[in-house]
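**Q** Sharing a structure with you now.
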């Protein structure tokens, strides 16, 4: 069966060009880059080249790039570096819509005596800059705000927020896992201290990522051990992964505007098609500042897991914020923070496109999804005008 | 991704008996749109009390739809008395099992059936008219429903209760109450009669060997940590005579060590009747 992959915010396929560049480093060039012999030493050169490629795509200096195992490690390393460098400051500001890599780290820090302000969002998922300004305190150690949201694709005004935070002399971290490769971002003009990114969202393999740490921003290793990465991240380098990441970054920064326009066209075709053919549909997110590849759309009276599994039979891959897909009983914390009604949260589906997505694939979804929804609505006890039990569960946020 | 059995997938993708019975003799309804799953069960019962037809309408995940559909298949042709005996376990078994996180879908089937049978008997039931006291406010689960799930499925942890009833899966405020309910309900359960295993009585030699082994391997090392030592002086049947060395010798609390450490350990490991006495030398 042909796979129609529309779950690229979860992970992406490795680009053939990336794989090609990586493969010698899993085959003949297997030396340890830390070795004294030139057989290993040559790998170090390729790693340096990858570092330069990443730095050039992000418009920063290569010394400011630390290779990591991925986004979660980068987020953890940045947060712990910032707070450990300022033991007297016991307050952190973040948002209610962060990825678990930041959200659950903040919750953990609350158990260690930190006070955390979780900035709320409005019904389209937007943050209020004034609320950020008001939340800053003398003892604020760090502000961590994601660049773009994985579920809705919302883009946050990190430029402006970082400027406000830096004026107060407070450290700023951004989880840019979903933003990298999707638009041009210059760390020369973006005043953040830390930025975390991941390889597998931009057609590099899983298990590799990069953390930007601005010169002079405090940093101490999150993983202790050997001297790799200038003593800032121990452990033998994932050389093949790093080299793949370098190539993927280079590829992502090419034709970025053209690709964004193409993706936005496909995304809008998908959304408009579904809105036109399915009643009681709602788009979740901020229409004015959204990643061009992401669509989060809700269908009332159906449940997300059922939708996904019926699409799965046709080889269509997507995600849902429904409780039944979360492994717990709680539906998406992002959609709940936005106040999306429960009846829509359970029926939410996220489509996320990539450079490999075609118009035919979008049309395949348009040809099949409305039928799936009407089948599920036919067997549902609910329909327009019949919605008993609208009590809202109170979940922990 | 959930590991659903082929039977679950089949009942989900091609559900049998989906729809309404317009002249149903009984209707049972549970769940809500807000909670993420709901089931409405319709029954047609003839004069002799045999279920002639059963249909369902379900809003929920694949396992909720499969549980509802398989339940209607199970009900057809059964008498009301037989239907009354169907439990959530029967529903899950019929599907070849459900992932444990999805057991609440089978419980939802059982609850809808219970509601329908009540409706058949003419008892008033409305979706909001829950019996018992609501324990989990997130999902509107009552103590009665929780107790029943604990009893029928022999649940022992809060996690289990959440998997089977959804209770406690939201804000977690009710976890303390769930723990109490678990303890209380399990205490009410008749305990399986435990037959004391027949043990051949130990011979004196065996007992002496075991006492020596326990003293050497389990008691002495802990006394060493405090700079003390123990010597086995004699063993007379169930009476063990010891004396202390090093820091333990002459320690004013050595009698406590005798009772709390040595005797306790030997009673636990060798024989519950053992008595230990200290011999001062």
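What follows draws every value from the coordinates through simple rules; no lab data is involved. Everything numeric here is computed off the predicted structure, so don't read it as measured data. Please note: Cβ atoms are built from the backbone with ideal geometry, for glycine as well, and neighbour counts cover all protein chains shown.
**Q** Please give the contour-minus-distance gain from residue A:374 to residue A:313: 0.36 nm per residue of separation, less the Cα-Cα distance, rounded to one decimal in nm.
**A** Working: separation 61, 0.36 × 61 = 21.96 nm, distance 1.62 nm.
Gain on extension, residue A:374 to residue A:313, equals 20.3 nm.
**Q** May I pose another question? Give me the Å³ per residue figure for the convex hull around the C-alpha atoms of the range A:17-252.
**A** 112
**Q** Along each of its three principal axes, how wide is the spread of alpha-carbon positions in chain A, in whole angstrom units, largest first?
**A** Per principal axis, max minus min of the Cα coordinates gives 71, 52, 34 Å.
**Q** Hey, what's the Cα Rg ratio for the protein assembly as shown versus the globular rule of thumb, 2.2 N^0.38 Å?
**A** On the way: Rg = 32.0 Å, N = 678, 2.2 N^0.38 = 26.2 Å.
Taking N as the residue count of the protein assembly as shown, the ratio is 1.22.
**Q** Quick one: Cα convex hull volume of chain B, Å³ per residue? Walk me through the numbers before you get to the answer.
**A** Values: hull volume 58.8 nm³, N = 281.
Cα convex hull per residue, to the nearest whole number: 209 Å³.
**Q** Something else now. How large is Rg/Rh for the range B:6-120, to two decimals, with Cα atoms and a Kirkwood Rh?
**A** On the Cα set of the range B:6-120, Rg over Rh gives 0.94.
**Q** If you don't mind, there's one more thing I want to ask. Starting from 0 in steps of 10 Å, tell me what percent of the Cα-Cα pairs of the range A:1-85 lands in each bin.
**A** 13, 30, 36, 17, 3, 0
**Q** What's the FRET efficiency of residue B:78 with residue A:36 using the Cβ-Cβ distance as r and R₀ = 60 Å, to the nearest 0.05?
**A** Approximately 0.15, to the nearest 0.05.
**Q** Further, regarding this structure: Just from its helices, what would the mean residue ellipticity at 222 nm be for chain A, if runs of 4 or more DSSP H residues each count -39500 (n - 2.57) and the sum is divided by every residue, rounded to the nearest 500 deg cm²/dmol?
**A** Calculated from helices alone, the mean residue ellipticity at 222 nm is -11500 deg cm²/dmol.
**Q** Same structure, new question: Using alpha carbons only, how many angstrom separate the centre of the range A:3-39 from the centre of the range A:210-271?
**A** Rounded to whole Å, the Cα centres lie 13 Å apart.
**Q** Now a separate question. Going by average Cβ neighbours within 10 Å, how do the peptides A:77-83, A:288-294 rank, with the highest at the top?
**A** Highest to lowest by the protection proxy: A:77-83, A:288-294.
**Q** Right, next: Residue by residue through B:97-103, how many Cβ atoms from other chains fall within 10 Å of the Cβ on average?
**A** Other-chain Cβ atoms within 10 Å of each residue's Cβ, averaged: 1.
**Q** Which peptide among B:41-50, A:45-54, B:214-223 comes first, and what is the full order, when sorted by highest mean count of other Cβ atoms within 10 Å?
**A** Those peptides, ordered most packed to least, come out A:45-54, B:41-50, B:214-223.
**Q** Per residue of B:55-67, how many C-beta atoms from partner chains lie within 10 Å of its own C-beta, taken as a mean?
**A** Other-chain Cβ atoms within 10 Å of each residue's Cβ, averaged: 6.
**Q** Would you compute the Debye intensity of the range A:144-188 from its alpha-carbon atoms alone, equal scatterers and no solvent, and pass along log10 I(q)/I(0) at q = 0.13, 0.28, 0.31, 0.32 Å⁻¹ to two decimals?
**A** So the normalised log intensities work out to -0.28, -1.08, -1.21, -1.24.
**Q** Which whole number of Å³ per residue matches the convex hull of the alpha-carbon atoms in the range A:256-378?
**A** Expressed per residue, the convex hull around the Cα atoms of the range A:256-378 is 108 Å³.
**Q** Highest mean first, how do A:248-255, A:335-342 rank when packing is the count of other Cβ atoms within 10 Å averaged over residues?
**A** Final packing ranking: A:335-342, A:248-255.
**Q** Just checking the output field for A:374-380: average partner chain Cβ neighbours within 10 Å of each residue's Cβ?
**A** For this peptide, the per-residue mean of nearby foreign Cβ atoms is 5.
**Q** Moving on to the next point. Mean residue ellipticity at 222 nm from the helices of chain B, using -39,500 (n - 2.57) per DSSP H segment of n ≥ 4 over the full residue count, to the nearest 500 deg cm²/dmol? Each step should come with its number before you reach the end.
**A** Values: 11 runs with 108 residues, N = 281.
Calculated mean residue ellipticity at 222 nm is -11000 deg cm²/dmol.
**Q** Given a Förster distance of 56 angstrom, what is the FRET efficiency for residue B:209 paired with residue B:188, based on the Cβ-Cβ distance and rounded to 0.05?
**A** Taking R0 as 56 Å, the efficiency between residue B:209 and residue B:188 is 0.80.
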